[in-house]
Amino acid sequence: MSEKAPLVSVVVTTFNRCEMLAQTINSILEQTFSDFELIVVDNMSEDGTCEYINGIKDGRIRFFRNHNHGVIAKNRNYGIRKAGGIYIAFCDDDDLWVKNKLDVQVAMMKNNQDYVMCYSQAESFLDHKTIKKTMIRRTVKKSHFISLLQGNFIPNSSVLIKRDIFQQLGYLNESSELREDYEMWLRVTRNFLIVGTKQVLIKYRIHGSNSAGSRVAETGRAIRTLRSLIHPLRIPVYLYLPNLLIQYLKLLFYKIMAVHRSVWG
């Protein structure tokens, strides 16, 4: 890292996705905002990821290899601890950033000192085809915390957050039973203000490991996540009970859909 710390530290965790990772990294390095470092934490990939990263001639890249034993949060936390920026930005190794993402979000944070985190709208795509031009349907009217009780709607790859929040609230939860990003956003919004933008600043890739078939498992993890925070965050019964019911209904719906697809293809 250079003597002057960058304003933003971008953390990308990866495992055996060299081809998609290359597209992700290109979308980050092509940002119109340039005051950032790119921290890539690789879970000991065996598909040429190491050779690919080491072949990139860009001084902003810092490459690390670390076993996470199947828990992505471990390597996200590893990257956060290596970061030197005032802000942390996350990007999954299969997603893409719009070129002005960091420009827009850094300006948002500088212009709104009360906010500790911002996120954006997202577009989903499969191969070269757009699936949904806007993925986030929920409109937050008052409290992000209350809105998040119904389920996570904040794309991880869209987040820009102040690094010192992790020092104040702790790092991402490393339990494989929970959704670490959802758990973190709940803790953040219980204590601080965040802001979103309707601009599409990321492109979320649809593929086998994040398709509808995985929603049953992810919704189950979301339910466990919310239940794990009821007492630590002192969530009153009138807030968590109806929202837990909503999430259980989602789980039932996804299970029915999964059975329907397995029967009818």
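With the crude spin-label approximation of a point 7 Å out along Cα→Cβ, what separation in nm comes out for ASP114 versus LYS142?
Each label point lies 7 Å from its Cα, and together they span 1.5 nm.
Rounded to the nearest 0.05, what FRET efficiency is calculated for THR130 and ILE246 with R0 set to 30 Å and r the Cβ-Cβ distance?
So, using R0 = 30 Å, E works out to roughly 0.55.
Take the alpha carbon gyration tensor of segment 146-224, find the square roots of its eigenvalues, order them as a ≥ b ≥ c, and report rounded if a/c is under 1.5; if not, report prolate when a/b exceeds b/c, else oblate.
Oblate.
Ranking ILE39, ILE88 by Cβ neighbours within 10 Å, fewest first, what do you get? Intermediate values should be presented prior to the final figure.
Details: ILE39 26, ILE88 23.
With the sparsest Cβ surroundings first, the list reads ILE88, ILE39.
Which of rounded, prolate, oblate describes segment 8-206, given a ≥ b ≥ c as roots of the alpha-carbon gyration tensor eigenvalues and a/c under 1.5 marking rounded, otherwise prolate only if a/b is larger than b/c?
The shape class here is rounded.
Would you calculate the volume per residue, in Å³, of the smallest convex hull containing every Cα atom of segment 113-265?
Value for segment 113-265: 127 Å³ per residue.
Classify segment 94-161 as rounded, prolate or oblate, taking a ≥ b ≥ c as the square roots of the eigenvalues of its Cα gyration tensor: rounded when a/c is under 1.5, otherwise prolate if a/b is larger than b/c and oblate if not. Each step should come with its number before you reach the end.
Numbers: a/c = 2.47, a/b = 1.24, b/c = 2.00.
Taking the square roots of the gyration eigenvalues as a ≥ b ≥ c, segment 94-161 is oblate.
How many nm separate the modelled label positions at GLN150 and ASP47, each set 7 Å beyond the Cα in the direction of the Cβ?
Distance between label points: 3.5 nm.
What is the dipole size for segment 1-88, taken about its Cα centre, with +1 at each Lys and Arg Cβ and -1 at each Asp and Glu Cβ, in debye to the nearest 20? Let's see the in-between values first.
On the way: 10 positive and 10 negative charges, 76 e Å.
In total the dipole reaches around 360 debye.
Residues with beta-carbon under 14 Å from that of THR14, excluding THR14: net charge, scoring Lys, Arg +1 and Asp, Glu -1?
Taking every Cβ under 14 Å from that of THR14, the sum is -3.
Values in this text are rule-based calculations from the coordinates and carry no lab data. What you see is a predicted model, and the numbers here were worked out from it, not measured in a lab. Cβ: placed from backbone, ideal geometry, glycine included. Neighbour counts: every protein chain shown.
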